[in-house]
1. Restricting attention to region 529-559, report how many residues are more than 24 Å from the chain's Cα centre (by Cα), closer than 30 Å to residue 464 by Cβ and either assigned to a loop (DSSP other than H, G, I, E, B) or modelled with pLDDT of 85 or more (or both).
2. Restricting to region 265-279, name every residue that is touching a strand residue (DSSP E or B) at 6+ places or on another chain (Cβ under 7 Å) and either touching a residue at least 24 places away in the same chain (Cβ under 8 Å) or over 21 Å from residue 291 (Cα atoms) (or both).
3. Take residue 436 and tell me if it is assigned by TED's automatic domain parsing to the domain that holds residue 480, buried (at least 16 other Cβ atoms within 10 Å of the Cβ), part of a helix (DSSP H, G or I) and modelled with pLDDT under 85.
4. Please pick out the residue among 15, 95 that is modelled with pLDDT of 85 or more and assigned by TED's automatic domain parsing to the domain that holds residue 151.
5. Only one residue in 526, 493 is over 17 Å from residue 472 (Cβ atoms), assigned to a helix (DSSP H, G or I) and modelled with pLDDT under 90, so which one is that?
6. Considering only residues that are in contact with a strand residue (DSSP E or B) (Cβ under 8 Å, 6 or more places away or on another chain), surrounded by fewer than 18 Cβ atoms within 10 Å (Cβ to Cβ) and farther than 25 Å from residue 449 by Cα, which ones fall in region 502-522?
7. Would you check if there is a residue in region 447-463 being modelled with pLDDT under 90 and within 19 Å of residue 554 (Cβ to Cβ)?
8. Which one of these does residue 141 not meet: (1) touching a helix residue (DSSP H, G or I) at 6+ places or on another chain (Cβ under 8 Å); (2) touching a residue at least 40 places away in the same chain (Cβ under 8 Å); (3) farther than 20 Å from residue 186 by Cα?
């Protein structure tokens, strides 16, 4: 083979390699339609025409081109429609070329075409998973058949051609067929892999769980869409960065050291992580973090699935609160029965005592018994009044009535009424709750609600609110207690609370406001004020669920709003808005 033949040979090979790009087009998104078949057939025809227009010379006077390779590979990998279009086009072109050897020239297009289509149809495995050996065998067969087609020429010419070209054709063309076919197989596998990855990524992006893949240092390489939805951080801002800005500070270095020790040793770590979103609110993740290893067993990445369980923790704590309330409700109902009976007897006896001790001077029984004792009812009454006996008895009756009110409020507050919503006047619920708060024995005397200056600023003729009264009272009591405890801890000299009720006719809500002159809340604390388990109280003084539960009751159960306005040293205002009935 001379230098020019070598150049022509390499040119033909380069043209054949362009078939790979065409294959990518045809297989893109697995499209199979008439238009793509026509376009592919036209392009393959053009490739064939270029090849046939620049044949390469094995030896003086013997010209060949790899049209057999082209049509064999086309038949194996492209659809029947595409292949037939290319076969007809190249056959017509060979006729137009004219000269000697038109018939074998056409057969060198037709034989590999039909051989490939038959091979593709009868092979056991229908997918394009051809290996190099199979492709080489296929190439050898079609080129043996193509050489046999030379016998359509005169016998002497055919034998002469075969003696000169058989060995190079059978050495080069089958190998070329196998090589080009292997390229397309690899491209197809890459395409299929890309499609599978795309499908998998699409599925992962639909999960309501965060999926994170990191490098060995913990820098995220992949984050699914739910990560952004759940945390508020843009994926582009987080990729390649440390995830330290998600740390809430609620779990110490020992916790994270144990986590890394587990996964770096090749094991899977499972547990709960408390992180913070971009807006600084906390969320709870149930996480599974595990290493990804290569074939040799070396760790190359870490991956994690993290499910937000904050809707579950709140609900669990709410259920605990509900169970507690139901228990207290049952206890309160039983206590009410046990207290009310002797209380009624005590109050009735006090009234009878007052009457018999001279308050009723016209009672015949009083008159008769006084005369027997050598005195009269009027003198007894004067003595009793002078000694304040009637005032004491009245005080007993007032205390008894107050106890009865407390019991009634406690029963009303603690029994869920399970709670279907009913129209209630907020002024009545506030007053009842204040009556309960007055018996908070955890407050020192100065800061009890009997001694805190409570001002009521209620608008008249306010609309009722459809609500679960025990739940709303629970919110009110939480706010009142927090306010009193904060003022007690800060040792406010003249503790005051203003309770306000007003109608917002524009937004059709009732505004409820609690304003105190306490120590206020810092900006940092205010960020976490509604987070579960967040508390500024001393250990044992609270678990940090009061405001979380209150916020849930107002926002989720009653579709209202709850806001806190406060600054250090400027007191605190809690605003609640509830829709009208």
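The values are calculated or read from the model by the stated rules, or taken from the named source; none is laboratory data. Predicted, not measured: the structure shown is a model, and the values here were computed from it. Don't worry about glycine lacking a Cβ; one is built from the backbone with ideal geometry, like all the others, and counts go over all protein chains shown.
1. The total comes to 1.
2. Residues satisfying the conditions are 266, 272, 273, 274, 275, 276, 277.
3. Details: assigned by TED's automatic domain parsing to the domain that holds residue 480: yes; buried (at least 16 other Cβ atoms within 10 Å of the Cβ): yes; part of a helix (DSSP H, G or I): yes; modelled with pLDDT under 85: yes.
Criteria met by residue 436.
4. 95
5. Checking each option against the conditions leaves just 526.
6. Answer for region 502-522, where residues must be in contact with a strand residue (DSSP E or B) (Cβ under 8 Å, 6 or more places away or on another chain), surrounded by fewer than 18 Cβ atoms within 10 Å (Cβ to Cβ) and farther than 25 Å from residue 449 by Cα: 503, 504, 507, 508.
7. No, that holds for no residue.
8. Failed condition: (2).
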